[in-house]
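Novice: Quick one: the structure is below, questions incoming.
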Amino acid sequence: MNAFVTGAAGFIGSHLVEELVKRGVEVTCLARRTTDLKWIEDLDVKIIYGDCEDADSLLHVPLDFDYIFHLAGVTKAHRVDEFFCANVNGTKNLLQAVASKKPAVKRVVYLSSLAAVGPSKDGNPLNEGTAPHPVSNYGRSKLQGEEIVMSYRDILPVTIIRPPAVYGPRDKDFYVLFKMLKKGFYPYWGKCYYSILFVDDLVRGLVKAASLEQARGGIYFFSDGKVYTTDDLVDEIEHVLNVNAVKMRVPMPILSLLVGFSEKFGKKASILNRDKIREMSHSHWICGISKAEREIGFIPKVTIKEGLKWTADWYRIHQWL
């Protein structure tokens, strides 16, 4: 059994590669030559250099794999076109390359996002029948990526997974909140509700979805099955860090102004950017997992208490905190 993984060196991708190797799968990873491979360089995997955004670079990739996991993409960017080049064009190039070589692939799994559908408008968890209404450029690019994947459903055995915010060791996005709380403060712009998922549960779900025939052509939301408020998340992280941070109320217009200023003069794209502000302006980022439970037996195992503790421990061990 073998698998091909794009985005393998990233936060989620590296955990997926670890899980596949642990299961005895022969793994080939696609990476740019400039990619930092530190999370996977000690694993028994094959590296092929290429870029999904460059169709020509995929010509030498054999793509004769049992399973293809497409995780490569952009979650934060300075320019709008960066989202669409990576998440739309990159997906299109890969699917075209796979289809043209007509491999006997058993499944192509595309990692999408809750952002592709958007926030809940009525406070109820989204389900797979909810009409997509993305509110950010990132979300719109992921939705277009989904549309490309589904356009190949009669040619390739595809499955789409939509996780919410994912956290765990190596994650740099939740780390921002950990770091602020460790310093004793955090910004607050009103009560919000979130679905979240620990990375180990996500990768186990990805592998499970890839292996089941009934998941072919399907789209699934994943989460840990709970809904958390901002206060819930802060309280849990404060507990594992043993801190009591000060809540700093920041009106959304002010936060948007500060983020815009930071984004304009910052050298690297940050998780706190104007596109993320578009998402943060909405209060309910929640999804249900009943379809995933029913059709593919997706059962999250890691509780928020366990997941946040393991994440904090990793941050400490690697001197991030």
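Novice: I need the full set of residues from segment 195-223 which are closer than 19 Å to residue 142 by Cα and hydroxyl-bearing (Ser, Thr, Tyr), in order please.
Specialist: Across segment 195-223, the qualifying residues are 195, 220, 223.
Novice: Condition first: exposed (fewer than 11 other Cβ atoms within 10 Å of the Cβ) and under 20 Å from residue 170 (Cα atoms). Now tell me which residues in segment 42-52 satisfy that.
Specialist: Within segment 42-52, 42, 44 qualify.
Novice: Would you check if there is a residue in segment 219-240 being within 15 Å of residue 163 (Cβ to Cβ), in contact with an Asp or Glu (Cβ under 6 Å, 6 or more places away or on another chain) and of a type outside the set (Ser, Thr, Tyr)?
Specialist: yes
Novice: Which one is surrounded by the fewest Cβ atoms within 10 Å (Cβ to Cβ) among residues in segment 104-132 that are in contact (Cβ under 8 Å) with a residue 40 or more places away in the chain and among the hydroxyl-bearing types (Ser, Thr, Tyr)?
Specialist: Here the answer is 120.
Novice: How many of the residues making up segment 273-288 are among the basic types (Lys, Arg), under 16 Å from residue 194 (Cβ atoms) and touching a helix residue (DSSP H, G or I) at 6+ places or on another chain (Cβ under 6 Å)?
Specialist: Count: 0.
Novice: On to the next question. Give me the pairs, please: first residue somewhere in segment 71-90 and part of a loop (DSSP other than H, G, I, E, B), second residue anywhere and surrounded by fewer than 18 Cβ atoms within 10 Å (Cβ to Cβ) and of a type in the set (A, V, I, L, M, F, W, C), beta-carbon distance under 8 Å, and either six or more positions apart or on two chains.
Specialist: Note: pairs meeting the criteria are 74/85; 75/271; 76/269; 76/271; 77/269; 78/269.
Novice: Please count how many residues of segment 310-321 are more than 20 Å from the chain's Cα centre (by Cα) and surrounded by 15 or more Cβ atoms within 10 Å (Cβ to Cβ). Before you say what the answer is, go through the steps one by one.
Specialist: Residues of segment 310-321 that are more than 20 Å from the chain's Cα centre (by Cα), as a first pass: 313, 316-321.
Okay, now just the ones that are also surrounded by 15 or more Cβ atoms within 10 Å (Cβ to Cβ), so 320-321.
So the answer is 2.
Residues checked against (1) in a helix (DSSP H, G or I); (2) more than 22 Å from residue 87 (Cα to Cα):
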position	(1), (2)
118	no, no
124	no, yes
142	yes, no
177	yes, yes
180	yes, yes
187	no, yes
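Novice: Inspect all residues belonging to segment 95-108 and state whether any of them is part of a loop (DSSP other than H, G, I, E, B) and closer than 30 Å to residue 282 by Cβ.
Specialist: no
Novice: Looking for something in a loop (DSSP other than H, G, I, E, B), within 18 Å of residue 277 (Cβ to Cβ), in contact with a helix residue (DSSP H, G or I) (Cβ under 7 Å, 6 or more places away or on another chain) and not acidic (Asp, Glu) - is there at least one such residue anywhere in segment 191-199?
Specialist: yes
Novice: Report, by residue number, each residue of segment 100-128 that is among the small types (Gly, Ala, Ser), under 21 Å from residue 209 (Cα atoms) and either in contact with a Cys (Cβ under 8 Å, 6 or more places away or on another chain) or modelled with pLDDT of 95 or more (or both).
Specialist: We begin by selecting, within segment 100-128, every residue among the small types (Gly, Ala, Ser); these are 100, 104, 112-113, 115-116, 118, 120, 123.
From what's left, under 21 Å from residue 209 (Cα atoms): 104, 112-113, 115-116.
Passing the criteria: 112, 113, 115, 116.
Novice: Could you grab the pairs with beta carbons closer than 7 Å, sequence gap of 6+ or different chains, first residue in segment 224-236 and surrounded by 14 or more Cβ atoms within 10 Å (Cβ to Cβ), second one among the charged types (D, E, K, R) and part of a helix (DSSP H, G or I)?
Specialist: 224/201; 236/305
Novice: Just to be sure I understand the filter: pairs with C-beta atoms under 6 Å, separated by 6 or more residues or on different chains, first member in segment 161-176 and in contact (Cβ under 8 Å) with a residue 12 or more places away in the chain, second member among the β-branched types (Val, Ile, Thr) and in a loop (DSSP other than H, G, I, E, B). Which pairs pass?
Specialist: Short answer, once both residue conditions are applied: 173/271; 176/271.
Novice: Right, something else. Looking at (1) under 21 Å from the mean Cα position of the chain (by Cα); (2) assigned to a helix (DSSP H, G or I); (3) surrounded by 15 or more Cβ atoms within 10 Å (Cβ to Cβ), find the lone condition where residue 135 falls short.
Specialist: Just one mismatch for residue 135, condition (2).
Novice: Write out, first by first residue and then by second, each pair whose Cβ atoms fall under 9 Å of each other, whose residues are 6+ apart or on separate chains, and whose first residue, in segment 31-42, is within 10 Å of residue 8 (Cα to Cα) while the second is surrounded by 10 or more Cβ atoms within 10 Å (Cβ to Cβ) and of a type in the set (Asp, Glu).
Specialist: What qualifies is 31/51; 39/18; 40/18.
Novice: Give the number of residues within segment 1-22 that are exposed (fewer than 15 other Cβ atoms within 10 Å of the Cβ) and either under 19 Å from residue 93 (Cα atoms) or under 22 Å from the mean Cα position of the chain (by Cα) (or both).
Specialist: 1
Novice: Is one or more of the residues making up segment 155-165 within 24 Å of residue 78 (Cβ to Cβ) and among the polar types (S, T, N, Q)?
Specialist: No; the residues of segment 155-165 include none that is within 24 Å of residue 78 (Cβ to Cβ) and among the polar types (S, T, N, Q).
The values are calculated or read from the model by the stated rules, or taken from the named source; none is laboratory data. A quick note: this is a predicted structure, and the numbers were derived from the prediction, not measured. Neighbour counts run over all protein chains shown; Cβ positions are idealised from the backbone, glycine included.
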